[in-house]
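Since the structure comes first, as structure tokens, the remarks are kept for the end.
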Amino acid sequence: MSFRTRIEETSKDKDSRIVLALDFPFQEQKNRSQLLHRAEKMLKSVQEHICAVKINHHLILPFGTFGGIQELLRKIHRQQLVAIMDCKANDIGATNRVIAEYYYSAGFDALIANPFVGWEEGLEPIFEAASRHKKGVILLAYMSHKGAKEGYDQTISDSKTGRQLKQYCSFARKALSWNADGVVVGATYPEKIKEIHQILGEKTPIYSPGIGTQGGKIKTALEAGAKYLILGRVITTSEDPDKTAKELNKKIRNAIKIGVA
Ligand code: XMP
């Protein structure tokens, strides 16, 4: 089963479109042992309200891809959730291949990569590894932070046709032609979600971070065409993560019910 189908089925089974960004603030060396415990506790308290977990450098830098992280991945999978590595892979092909092999063999179901590096000797080895391991690749298309416009909104000249187009439109087209399993577009830019969704259609889902803490809104993002919502600090820094995740999921379900998405 492809990653795309796996997350779609999980999302239906769990009745949730939430991808939990399992992020925690920097910890000094002496406090790091508590971090994994905190991550497992967070997972346990919100697992019925989410369909996937996204892990970022917040946990990979202190723990790598062995030991505790593999145990965390096993716990994620035991709950029938999927695990995404947000490494924004962005290097030459030979290095990207090694990055992908480490993450996929550790147990991640998909990883996020940056299309800026191109295909040949760029992302091709990641897609090759993904297909061999039956895993997914999700591409950045328009990031959620304020400075995103400096890069993603640039007008570029297509290297093949010479035609002028926006960088994010070029990335969305690449996602289609490379058969990526999804693209990431910030909820803070709903008009970009809409435009990218028009290019992608229904086959390639949009993952949208930036809800809450960064100012993005659930209803607006879904209305514009986002399929999965990546939620981090709005849940992880909440006083009651279980209650917050439940309420946010209810909000998402209601928006879907009234035909927003
Ligand atoms: P918050 O706390 O703002 O966390 O909900 C968002 C999480 O998502 C990551 N992030 C992104 N990842 N493309 C990505 O691949 C993006 O455009 C993007 N914007 C935010 C962020 O690092 C954090 O883990």
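Which residue, Asn114, Asn249, Asn31, has the most motion in a Gaussian network model of the chain that connects Cα atoms within less than 10 Å?
Top of the fluctuation ranking is Asn31.
So if we plug the beta-carbon distance of Ile156 and Gln214 into 1/(1 + (r/R0)^6) with R0 = 22 Å, what FRET efficiency do we get, rounded to 0.05?
Result of the calculation: an efficiency of 0.30.
Just check region 143-226 against the gyration tensor rule for me: Cα atoms, a ≥ b ≥ c as the square roots of the eigenvalues, rounded for a/c under 1.5, and otherwise prolate or oblate depending on whether a/b exceeds b/c.
It comes out oblate by the Cα gyration axes.
If R₀ is 25 angstrom, what is the calculated FRET efficiency for the pair Ser33 and Thr95, using the beta carbon separation as r and rounding to 0.05? Write out the running numbers ahead of the final one.
Values: r = 30 Å, r/R0 = 1.21.
My answer for the efficiency is 0.25.
By its C-alpha gyration tensor, with a ≥ b ≥ c as the square roots of the eigenvalues, how is region 106-175 shaped: rounded for a/c under 1.5, else prolate for a/b larger than b/c, else oblate? Mind dumping the intermediate values first?
Numbers: a/c = 3.13, a/b = 1.58, b/c = 1.98.
Oblate, because a/c is 1.5 or more while a/b does not exceed b/c.
Going down the table (Lys192/Lys251; Lys44/Lys192; Lys44/Lys194; Lys146/Lys227), which pairs top 32 Å between alpha carbons?
Details: Lys192/Lys251 22 Å; Lys44/Lys192 34 Å; Lys44/Lys194 34 Å; Lys146/Lys227 22 Å.
Cα-Cα > 32 Å for Lys44/Lys192; Lys44/Lys194; rest within.
With an 8 Å Cα cut-off and a minimum separation of 6 or more residues, compute the relative contact order for the chain in percent. Numbers along the way, then the final one.
Working: 472 pairs, mean separation 48.3, N = 261.
Relative contact order comes out at 19 percent.
Going Cα to Cα from Lys134, which aspartates and glutamates come in below 17 Å? Please leave out same-chain ones fewer than 8 positions away.
Glu8, Glu9, Glu101, Asp109, Glu124, Asp181
Let's see if you can work this out: charge +1 on each Lys and Arg Cβ, -1 on each Asp and Glu Cβ, no other charges. What is the dipole magnitude of region 128-261 about its Cα centre, in debye to the nearest 20?
Dipole of region 128-261, to the nearest 20 debye: 260 debye.
Suppose every Lys and Arg Cβ carries +1 and every Asp and Glu Cβ carries -1, with no other charges. What dipole size does the chain come out with about its Cα centre, to the nearest 20 debye? Provide the component values of the computation, followed by the final result.
Working: 39 positive and 29 negative charges, 121 e Å.
Dipole size: approximately 580 debye.
Place +1 on the Cβ of every Lys and Arg and -1 on the Cβ of every Asp and Glu in region 3-257, take the dipole about the Cα centre, and give the residue among Ser144, Thr161, Gly232 whose Cα lies farthest towards its positive end.
Result: Gly232.
So how do 41-47, 225-231 stack up, highest first, on mean other-Cβ count within 10 Å?
225-231, 41-47
Could you work out the helix-only [θ] at 222 nm for the chain, with each DSSP H run of four or more residues adding -39,500 (n - 2.57) and the total divided by the number of residues, to the nearest 500 deg cm²/dmol?
Calculated mean residue ellipticity at 222 nm is -14000 deg cm²/dmol.
Quote the FRET efficiency, to the nearest 0.05, computed for Gln164 versus Lys44 with a Förster distance R0 of 35 Å and r equal to the Cβ-Cβ distance.
With a Förster radius of 35 Å, E is 0.10.
Please enumerate, by chain and number, the lysines with C-alpha under 21 Å from the C-alpha of Lys41, excluding those fewer than 8 residues away in the same chain.
Counting by Cα, and skipping residues close in sequence, Lys41 has these lysines nearby: Lys14, Lys30, Lys54, Lys75, Lys243, Lys246.
Beta carbons within 10 angstrom, averaged per residue: use that to sort the peptides 177-188, 211-222, 250-261, 119-130, highest first. Intermediate results must be reported in sequence, preceding the final value.
Numbers: 177-188: 23.6, 211-222: 20.2, 250-261: 13.8, 119-130: 18.2.
Answer by packing, highest mean first, reads 177-188, 211-222, 119-130, 250-261.
Taking the alpha-carbon centroid of each part, what is the distance from region 42-68 to region 199-261 in angstrom?
If you average the Cα positions of each part, the centres end up 19 Å apart.
Cα gyration tensor of region 3-257, axes a ≥ b ≥ c as square roots of the eigenvalues: rounded (a/c below 1.5), prolate (a/b > b/c) or oblate?
Verdict is oblate for region 3-257.
Values quoted throughout were computed directly from the atomic coordinates according to the rules given, and no laboratory measurement underlies them. These figures come from a predicted structure and were not determined experimentally. Here Cβ is always computed from backbone atoms with ideal geometry, including for glycine, and neighbour counts include all displayed protein chains.
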